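Everything below concerns the one structure shown next.
No lab work stands behind these numbers, since they all come straight from the coordinates. For clarity, every value in this text was computed on a predicted model and none was experimentally measured. Glycine also receives a Cβ, built like all others from the backbone with ideal geometry; neighbour counts cover every protein chain displayed.
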Amino acid sequence: MNIATRVAVPDGGGMAVRGNVREDLARHLAAGGDSALHHSPEAVLTAIRAAGLRGRGGAGFPVAAKIEAVRAASGPRVLVANGEEGEPASVKDRYLMRTRPHLVIEGMLLARRLVGADRAILYVSDAPSARSVRQALNERGSPCAEVFDAEPGFVSGEETALVRAIDGGPAKPTAKPPRPFEQGVAGRPTLVLNVESLARMALLTRFRRGGLLVTLSGSGRAPVLTEIRHGVRPADLAARHGFDAGRGFLAGGFSGGLLPPSAGDTPLTHEAMRAIGSTLGCGALVAIGRDDCPVAAAADVLAFFDRANAGQCGSCFRGTGAMAGAVEALRAGTAVAEQVDRLAQWARQLRGRGACGTLDAACLTADSLLLHFPDEIRNHLAEPCARCARLPVGADTRFRVHPIEPEEG
Ligand code: SF4
């Protein structure tokens, strides 16, 4: 979607979202920035545990457990701030790096102390984000972190792909174990945390509460980046910002499958989203409006996965291609019932067979379409869909959200 993204500061002011003026070091410090660095590592870890902070990159792994695993490992350690936002429907990480680079650096300094890392690296492909963080490091006058210019790509930010890239290889996932906390950059125990997770760690010490950044898009509206408390309902969020979710949502960006309109009542928490078979993921929600079609949305997302997968696991590149082909045939009105049966089989059988989560996300897209939209499937088998015929084709055209261009203060 080629419409500029809007920043919506929550009522009463946001913790991470403060508008779209880039925050320099003076502003950061004046607003209480870097105060997290005055707390002892133990106090910070206790606060992270108590808040139940989970990673904001997509997988939602408990942050305290990651930190403890790296602390328990022996030898020199590395911190990697993951700023590689390969998810097309999300802009929150680039917002933080472009607009609040010192908050990200504060989180990096905090995490570095927590695990005793002697090397801290920001991994990012977005050039304006890299520039903003480099400028922020210069403002601080100390080389406390490196910026690694990553290759852009959906799988480039997967944590084993990131380690491989920093070590000089291709940005493609590797088999696990070992995981980066065991053997990461240069073979050292490595803590990989998403840039919002790092910012949240710093903010927790000031606000004593959590929150999450949400990118809301779809239904022909200008996308919105905002900040919410956990537990807000997608339907309320969509209504508040004028989005039509009359035919459901894509949840967790492209990673949480399709949800029916009734899922709009599900609180946005990790637990509640998991309970309905989806994921909170990176907090990106795409509203599927009444003029849209869930079959077309699934076809576009699966075609994206077919292009974006790393092409190294046979089950993934053949499986996503086959599933994309079947759903594309549904969209075109040329599918037959046997193709839908095969789609259901693939969606079940291929799960867990890739080296990273991309294949699972593709399976979930197909599975959730079949589960939540049986009437639409039947209709598409019976006759071509008029809505599909009117819609533009391609996830990049329809669902890619453009990052926010910050103003200089
Ligand atoms: S599962 Fe797919 S995207 Fe992931 S490593 Fe294998 S081929 Fe690449």
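For segment 294-390, the normalised intensity computed at q = 0.16, 0.18, 0.21 Å⁻¹ comes to -0.57, -0.71, -0.94 (log10 of I(q)/I(0), Debye sum over alpha carbons, equal scatterers, no solvent).
Residue order for 396, 360, fewest other beta carbons within 10 angstrom first, comes to 396, 360. Relative to the current alpha-carbon distance between residue 65 and residue 229, full extension at 0.36 nm per residue lengthens the span by 56.8 nm. Here segment 245-301 and segment 26-92 have alpha carbon centers that stand 27 Å from each other. Distances between placed amide hydrogens fall under 5 Å for residue 54 paired with 63, all partners being 5 or more residues away or on another chain. Approximating the spin labels as points 7 Å out from Cα along Cα→Cβ, the residue 379-to-residue 146 distance works out to 5.5 nm. If you average the sequence gap of Cα pairs under 8 Å that are 6 or more apart and divide by the length of the chain, what percent do you get for the contact order? Relative CO of the chain lands at 21 percent. The phi torsions of segment 239-251, fed into the Karplus equation with coefficients 6.51, -1.76 and 1.60 and a -60° offset, translate into couplings of 5, 4, 9, x, 9, 9, 10, x, 10, x, 9, 9, 10 Hz, rounded to whole numbers, with Gly and Pro shown as x.
Close amide H contacts of residue 192 (hydrogens built in the peptide plane, cut-off under 5 Å, sequence separation of 5 or more or a different chain): 80. Ranked by the mean number of other Cβ atoms within 10 Å of their residues, highest first, the peptides 230-239, 192-201 fall in the order 192-201, 230-239. From its DSSP helices (H runs of at least four residues, each -39,500 (n - 2.57)), the chain gives a residue-normalised ellipticity at 222 nm of -13000 deg cm²/dmol. The local environment of residue 116, defined by Cβ-Cβ distances under 14 Å, has a net charge of +3 under the rule Lys, Arg +1 and Asp, Glu -1. Put simply, the amide H of residue 258, placed in the peptide plane, has neighbours under 5 Å in 368, 369, leaving out anything fewer than 5 places away on its chain. Which residue fluctuates most in the GNM of the chain (Cα springs below 10 Å): 173, 374, 41? Highest fluctuation of the listed residues: 374. Legend note: in the chain, cysteines whose Cβ sits 4.7 Å or more from every other cysteine Cβ are 144, 282, 293, 356, 363.
Ordering 373, 317 by the number of other Cβ atoms within 10 Å of each residue's own Cβ, fewest first, gives 317, 373. For residue 135, the shell of other residues with beta-carbons less than 11 Å away shows a net charge of +2, using +1 for Lys and Arg and -1 for Asp and Glu. May I ask what percent, to the nearest 5, of DSSP beta bridges between residues of the chain are antiparallel? Counting only bridges with both partners in the chain, antiparallel ones make up about 30 percent.
Residue order for 68, 23, 87, 151, fewest other beta carbons within 10 angstrom first, comes to 151, 68, 23, 87.
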